[in-house]
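Novice: One structure, pasted below without further comment.
The values are calculated or read from the model by the stated rules, or taken from the named source; none is laboratory data. A quick note: this is a predicted structure, and the numbers were derived from the prediction, not measured. Note: ideal-geometry Cβ built from the backbone for every residue, glycine included; neighbour counts use all protein chains shown. With ligands, DNA and RNA removed, areas are computed over all heavy atoms of the protein, side chains included. Shrake-Rupley method; radii C 1.70, N 1.55, O 1.52, S 1.80 Å.
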Amino acid sequence: MFKPATLFLGFRYSRARHGNKFTRFINRFALAGILIGVAALIIVSSVMNGFEQQLKQRILGVVPQLVVTAADGSSVENWSELAAGVPKLTDQIAAVPQVGSAGVVQSSGQLRPVYIQGLFPQTADAAVQWQPLRDYQVYGDVEKLRSGEYRVILGQALAQELGVWPGDTIRVVAAAGGVYTPLGLMPAQRQFTVAAIVGMQSEADSQLLVMHGADAARLLRLPANHVSAVRYYFNDPFSALEVEAQLQAAVGDAYKTESWRAQYGELFDAVSMEKRMVSLMLGLIIAVAAFNIVSALMMVIQDKRADIAILQTMGLRRSHLHLMFMVQGLFNGLVGSLVGLLIGLVVGNYLNEIIQGLGIDLSFTGQLGLPVLMQPLQITIIVLAAMLLTLLATLYPAWRASRVLPAEALRYE
């Protein structure tokens, strides 16, 4: 008997409507478990990917991704020569100057800590810094940030805490740039006018304060043509972690590097851990369904012992029996995975419309609803993993089926 016949018999058993009803129920239950597990894992993983992508855009798009500063804490002279002396890093899209310092901002009795960012819109590649501010502008106009006018852009959460709007004045006090007087150390401070408010809808909103780099340099009393750091941008902010050691080796001991991980590493670690735990829990659904396949196949073997014995007497080899029951088990995995893939893709693409149709409030997620980012490689791994678990689940029952002895199975027939 040829192998195509074993494949035919395997598919026939998989689709059989006769026999033990409980066995058929367990078989269909296993198929449904794989289907639900694959679909749920695709949908939830895509939503988690979307949230992670939003965090990258809304936090790492406006905070320093990777910076180079002087090792002794002084300012950096001729930043363009420093940047030009470093070979282009992997995934790098820009290297721009920055004037920055920790500080506080004061308004009508309210005092809040901030990180002062002085940006230079006239430098090459400066658009990568300004585009996130334009995209998430809520009030005012970010284009009003011009040298000598002493204007600032605030995060929405910070502006709400201070109770200010575009056109209001605030006092910015910088930790650096202080001078000693007969009365002691006087910090660098100055009145600024709020030019715009941006809403990143992230943790960065509570500390975001951006001003023109020239105004920041005057506030910190930096020498002419000096900046605080050289700031690197990447297509994927996570690339900054991979090239930090390479950049440190390129600039030498006179400079030091620092990535976004120093400030926001714990947040992204928590998101990554949550993704892994959710994937593990949903993956257990597929694993349980695979164990159900073991139970269903063992019951089928017990129910079809006489059929197996007759097929053996007709010349069906043990290896063909083994293949036949593997095909029967894999049928559940194949159908369940592909139907789950289809459901996952459809529901994932129309998730917000479905949730709104059910009357669930999505106002907490912003105007765009739940973020969904489907990654083809991740989806492929999910589907292949479900099929692999199903394959593994068929090995033992198929082996048991191939060990059935015709004489014992037909003794009382």
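Novice: On the given criteria, is I36 open to solvent by 20 Å² or more (accessible area, probe 1.4 Å) and either closer than 30 Å to Q122 by Cβ or modelled with pLDDT under 85 (or both)?
Specialist: Values: open to solvent by 20 Å² or more (accessible area, probe 1.4 Å): yes; either closer than 30 Å to Q122 by Cβ or modelled with pLDDT under 85 (or both): no.
Spelling it out, it is not the case that I36 is open to solvent by 20 Å² or more (accessible area, probe 1.4 Å) and either closer than 30 Å to Q122 by Cβ or modelled with pLDDT under 85 (or both).
Novice: Show the residue pairs that are 6+ apart or on different chains and have beta-carbon atoms under 9 Å apart, the first residue being within the stretch 371-389 and in contact (Cβ under 8 Å) with a residue 24 or more places away in the chain, the second being of a type in the set (F, W, Y).
Specialist: Pairs found: P371/F51; L373/F51.
Novice: Are any of the residues in the stretch 208-226 touching a Ser or Thr at 6+ places or on another chain (Cβ under 8 Å) and in a strand (DSSP E or B)?
Specialist: yes
Novice: Taking A157 as the residue in question, decide whether it is among the hydrophobic types (A, V, I, L, M, F, W, C), more than 15 Å from Q191 (Cα to Cα) and open to solvent by 50 Å² or more (accessible area, probe 1.4 Å). It would help to see each step written out before you state the result.
Specialist: Details: among the hydrophobic types (A, V, I, L, M, F, W, C): yes; more than 15 Å from Q191 (Cα to Cα): yes; open to solvent by 50 Å² or more (accessible area, probe 1.4 Å): no.
So A157 fails the test.
Novice: Let me ask another. Looking at L297, L241, L247, L267, which one is in a helix (DSSP H, G or I), in contact with a Lys or Arg (Cβ under 7 Å, 6 or more places away or on another chain) and aliphatic (A, V, I, L, M)?
Specialist: Working: L297 fails: in contact with a Lys or Arg (Cβ under 7 Å, 6 or more places away or on another chain); L247 fails: in contact with a Lys or Arg (Cβ under 7 Å, 6 or more places away or on another chain); L267 fails: in contact with a Lys or Arg (Cβ under 7 Å, 6 or more places away or on another chain).
Checking each option against the conditions leaves just L241.
Novice: Just give me the residues in the stretch 250-264 being assigned to a helix (DSSP H, G or I) and buried (at least 16 other Cβ atoms within 10 Å of the Cβ), in sequence order. Spell out how you get there, then give the answer.
Specialist: As a first pass, look at the stretch 250-264 and keep what is assigned to a helix (DSSP H, G or I): 250-251, 261-264.
Passing the criteria: A250, V251, R261, Q263, Y264.
Novice: Right, another one. Return the residues of the stretch 161-178 that are exposed (fewer than 14 other Cβ atoms within 10 Å of the Cβ) and under 15 Å from V138 (Cβ atoms); say none if nothing qualifies.
Specialist: W165, G167
Novice: Also, I was wondering about something else. Within the stretch 358-413, track down each residue that is modelled with pLDDT of 75 or more and over 28 Å from I286 (Cβ atoms).
Specialist: Passing the criteria: only G359.
Novice: Residue under question is S147, and the condition is that it be open to solvent by 60 Å² or more (accessible area, probe 1.4 Å), more than 34 Å from the chain's Cα centre (by Cα) and within 30 Å of Q92 (Cα to Cα); does it hold? Before the answer, list the steps.
Specialist: Numbers: open to solvent by 60 Å² or more (accessible area, probe 1.4 Å): yes; more than 34 Å from the chain's Cα centre (by Cα): yes; within 30 Å of Q92 (Cα to Cα): yes.
So S147 fits the description; yes.
Novice: I would also like to ask the following. Just to be sure, is M273 closer than 30 Å to L395 by Cβ, under 25 Å from the mean Cα position of the chain (by Cα) and open to solvent by 10 Å² or more (accessible area, probe 1.4 Å)? Can you show your working first?
Specialist: Working: closer than 30 Å to L395 by Cβ: no; under 25 Å from the mean Cα position of the chain (by Cα): yes; open to solvent by 10 Å² or more (accessible area, probe 1.4 Å): yes.
It is false that M273 is closer than 30 Å to L395 by Cβ, under 25 Å from the mean Cα position of the chain (by Cα) and open to solvent by 10 Å² or more (accessible area, probe 1.4 Å).
Novice: Another question, if that's okay. Just checking, does the stretch 149-165 include any residue being over 19 Å from A204 (Cα atoms), part of a strand (DSSP E or B) and of a type in the set (V, I, T)? Give the derivation first.
Specialist: Kept after step one, since they are over 19 Å from A204 (Cα atoms), are these residues of the stretch 149-165: 149-151.
If we keep only those that are part of a strand (DSSP E or B) as well, we get 151.
If we keep only those that are of a type in the set (V, I, T) as well, we get none.
Within the stretch 149-165 (the criterion being over 19 Å from A204 (Cα atoms), part of a strand (DSSP E or B) and of a type in the set (V, I, T)), the answer is no, since none of the residues qualifies.
Novice: Which numbered condition trips up E203, out of (1) open to solvent by less than 40 Å² (accessible area, probe 1.4 Å); (2) under 31 Å from the mean Cα position of the chain (by Cα); (3) at pLDDT below 90?
Specialist: Of the numbered conditions (1) open to solvent by less than 40 Å² (accessible area, probe 1.4 Å); (2) under 31 Å from the mean Cα position of the chain (by Cα); (3) at pLDDT below 90, the odd one out for E203 is (1).
Novice: Would it be correct to say that G315 is open to solvent by less than 20 Å² (accessible area, probe 1.4 Å), in a loop (DSSP other than H, G, I, E, B), modelled with pLDDT under 75 and over 16 Å from M387 (Cα atoms)? Working first, answer last.
Specialist: Numbers: open to solvent by less than 20 Å² (accessible area, probe 1.4 Å): no; in a loop (DSSP other than H, G, I, E, B): yes; modelled with pLDDT under 75: yes; over 16 Å from M387 (Cα atoms): yes.
When the stated conditions are applied, G315 does not pass them.
Novice: Quickly run through the stretch 104-123 and pick out the residues that are among the β-branched types (V, I, T) and open to solvent by 40 Å² or more (accessible area, probe 1.4 Å). So that I can check it myself, show each step before the final result.
Specialist: First, pick out the residues of the stretch 104-123 that are among the β-branched types (V, I, T): 104-105, 114, 116, 123.
The answer is V104, and nothing else.
Novice: Further question on the same structure: How many residues does the stretch 124-144 hold that are open to solvent by 30 Å² or more (accessible area, probe 1.4 Å) and among the β-branched types (V, I, T)? So that I can check it myself, show each step before the final result.
Specialist: Of the stretch 124-144, the ones open to solvent by 30 Å² or more (accessible area, probe 1.4 Å) are 124-125, 127-128, 131, 134-141, 143-144.
Narrowing further to those that are among the β-branched types (V, I, T): 128, 138.
Residues meeting the conditions: 2.
Novice: Can you pull out the residues in the stretch 48-76 that are open to solvent by 20 Å² or more (accessible area, probe 1.4 Å), of a type outside the set (D, E) and either in contact with a Pro (Cβ under 9 Å, 6 or more places away or on another chain) or outside any helix (DSSP H, G or I) (or both)?
Specialist: Looking only at the stretch 48-76, we keep the residues that are open to solvent by 20 Å² or more (accessible area, probe 1.4 Å), and these are 48, 51-58, 64, 69, 71-75.
If we keep only those that are of a type outside the set (D, E) too, we end up with 48, 51, 53-58, 64, 69, 71, 73-75.
Those that are open to solvent by 20 Å² or more (accessible area, probe 1.4 Å), of a type outside the set (D, E) and either in contact with a Pro (Cβ under 9 Å, 6 or more places away or on another chain) or outside any helix (DSSP H, G or I) (or both): F51, Q53, Q54, K56, Q57, R58, P64, T69, A71, G73, S74, S75.
Novice: Residues to consider are Q117, Q137, Q131; find the one that is within 30 Å of the chain's Cα centre (by Cα) and closer than 12 Å to M211 by Cα. Reasoning before the result, please.
Specialist: Details: Q137 fails: closer than 12 Å to M211 by Cα; Q131 fails: closer than 12 Å to M211 by Cα.
Selected residue: Q117, the only one of Q117, Q137, Q131 that is within 30 Å of the chain's Cα centre (by Cα) and closer than 12 Å to M211 by Cα.
Novice: Can you pull out the residues in the stretch 81-99 that are part of a helix (DSSP H, G or I) and free of Cβ contacts under 8 Å to residues at least 24 places away in the same chain? Walk me through it before giving the result.
Specialist: To start, the set of residues in the stretch 81-99 that are part of a helix (DSSP H, G or I) comprises 81-84.
Answer for the stretch 81-99, where residues must be part of a helix (DSSP H, G or I) and free of Cβ contacts under 8 Å to residues at least 24 places away in the same chain: E81, A84.
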